[in-house]
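My questions all concern the structure below.
The values are calculated or read from the model by the stated rules, or taken from the named source; none is laboratory data. Keep in mind that this is a model prediction, so the values were computed, not measured. Methodologically, a virtual Cβ is constructed for each residue, glycine included, from the backbone with ideal geometry; neighbour enumeration extends over all protein chains shown.
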Amino acid sequence: MPSYGSESSRKLVPLCDSGDVGELALIKSLLDGNGIAYAVQHEHIGALYPGVALLGSRVMVEECDKQRAEVLLSRLALQVRETTEEQD
């Protein structure tokens, strides 16, 4: 994960929630590939209770990167939807 500045100087805001490990891995890869720093809350909670969705993971980004991250996620969702429609 890219690191910019000190931890105490960054304000993190929620970007999205994910209850799926695969989806979370995709989101993290997208953010890493675009140089967007992030933190994930409750990332490994599923390991404590496999098969039970108690808490989803929450992806947090710096406030200044939120808009760019939202655009990247919306493009990803659009590509997934288009690919699914083509297979039908």
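Would you tally the residues in region 58-77 being of a type in the set (Gly, Ala, Ser) and either closer than 10 Å to CYS16 by Cα or at pLDDT 95 or above (or both)?
1
I've got another one for you. Of all residues being of a type outside the set (A, V, I, L, M) and touching a Lys or Arg at 6+ places or on another chain (Cβ under 8 Å) in region 19-46, which is modelled with the lowest pLDDT? Just the residue, please.
HIS42
Working only within region 14-44, note down all residues that are in a strand (DSSP E or B) and surrounded by 13 or more Cβ atoms within 10 Å (Cβ to Cβ).
LEU15, CYS16, ASP17, SER18, TYR38, ALA39, VAL40, GLN41
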